[in-house]
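The values are calculated or read from the model by the stated rules, or taken from the named source; none is laboratory data. Computed from a prediction, not measured in an experiment: that's the story for all the values here. A quick note on method: Cβ atoms are made from the backbone with ideal geometry, for glycine too, and the neighbour counts reach across all protein chains shown. Heads up: the accessible areas ignore ligands, DNA and RNA and are worked out on the full protein's heavy atoms, side chains in. Shrake-Rupley method; radii C 1.70, N 1.55, O 1.52, S 1.80 Å.
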Amino acid sequence: MPAPLSIVIPTLNAEAELPLCLDSLMPGLEAGLIREVIVADGGSDDATAKIAGAMGANLVTGARGRGAQLAAGAAAARGDWLMFLHADTALSRDWAERTSDHVMTKPDHAAFFELRYRSDARAARTLEKRANRRARMLGLPYGDQGLLISRKLYDEVGGYLDVPLMEDVIIVRAIGKQRLTELNAEARTSAAKYERDGWRKRSWRNAFLLLRFLLGAKPEDLAKRYT
């Protein structure tokens with residue numbers, strides 16, 4: 001039987017972060033869990049494509065935009081299960097064991113990882129707790145927590161939409177809280193944007209954008225405020 005899992009990673013000039021992300025997938029390769037790794041690139045002009053090829057990933061190129069790139073990667077994937085992972089996220093070593101258990105025992109549920117920022121700042125720990133609480137209580141994990149979902153369920157909910165922002169929120173709302181499970185492994189995500197903009201400023205801005213979206217704002221309008 002082929003390995004069940006296709007991993008899809010959207011990229012745009014990700015040469016600095018992609019090697020760590022791909023390295024973190026090694027436990028899944030060793031366990032025979034990963035069928036393929038697909039890097040869905042939106043037109044990088046750095047070494048992203050070269051790195052992807054050198055590390056054994058399949059490269060899919062297409063329109064720029066995370067929603068479009070995730071959808072393109074999923075369309076090219078052949079696995080019975082899909083895992084979507086941001087290029088600046090590295091998984092903890094226990095991810096493969098937790099993922100395998102989920103695939104075997106909860107085929108009708110999607111899953112996400114516990115968020116952890118790669119930062120020693122006290123604000124990072126505070127924001128992690130808030131984000132993980134939101135994901136568990138409201139069923140709203142963001143894309144930087146990864147998404148594990150069967151091909152069957154992915155197709156059922158309509159997959160990722162080609163929108164410039166909130167593609168991660170749209171798909172988990174379509175899945176529904178009752179069909180989402182948190183895996184006991186970490187998605188260790190870059191803190192660069194928070195360190196650049198300030199932890200409090202960026203976290204409140206993101207919360208405001210989410211609130212506006214939930215109140216009916218269009219992703220196209222929200223994207224103008226997001227950097």
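Here are the numbers for this structure:
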item	result
Heavy-atom accessible area order for Glu167, Glu186, largest first, 1.4 Å probe	Glu186, Glu167
Cut-off 13 Å between beta-carbons: net charge of the residues surrounding Glu220, Lys and Arg +1, Asp and Glu -1	+1
Heavy-atom accessible area ranking, 1.4 Å probe, most first, across Arg93, Arg125, Arg136	Arg93, Arg136, Arg125
Under 16 Å from the Cα of Lys193 - lysines, other chains or at least 8 residues apart	Lys201
J(HN,Hα) series, segment 196-213, from Karplus relation 6.51 cos²θ - 1.76 cosθ + 1.60, nearest Hz, glycine and proline x	6, 9, x, 4, 5, 4, 6, 5, 5, 5, 4, 5, 5, 5, 4, 4, 4, 5
Those residues of segment 208-226 whose amide nitrogen sits under 16 Å from the label point placed on Arg173, 7 Å along Cα→Cβ	208-223
Backbone HN-Hα couplings from phi across segment 106-115 [Karplus 6.51/-1.76/1.60, Hz, Gly and Pro as x]	9, x, 9, 10, 8, 8, 9, 9, 6, 7
Whole-number accessible area per residue in Å² for segment 120-227, which is evaluated in the context of all protein chains at 1.4 Å	55
Per-residue [θ]222 nm for the chain (sum of -39500 (n - 2.57) over DSSP H runs n ≥ 4, rounded to 500)	-12500 deg cm²/dmol
Segment 1-153: relative contact order in percent, alpha carbon pairs under 8 Å with at least 6 residues between	28
Computed FRET value (nearest 0.05) for Ala207 with Thr181, which takes r as the C-beta separation and R₀ as 22 Å	0.35
Full-extension gain in nm, Asn13 to Leu214, via 0.36 nm per residue minus C-alpha separation	69.3 nm
Three-way shape call for segment 111-227 based on the alpha-carbon gyration tensor, with the a/c threshold at 1.5	oblate
Nearest-10 value in Å² for the accessible area of Glu195, using the 1.4 Å probe	110
Asp197/Asp45 FRET efficiency (R0 25 Å; Cβ-Cβ; nearest 0.05)	0.55
Accessible surface of segment 70-150, 1.4 Å probe, proportion on carbon and sulfur as whole %	49
Built amide H within the under 5 Å cut-off of Ser150, gap 5+	Leu82
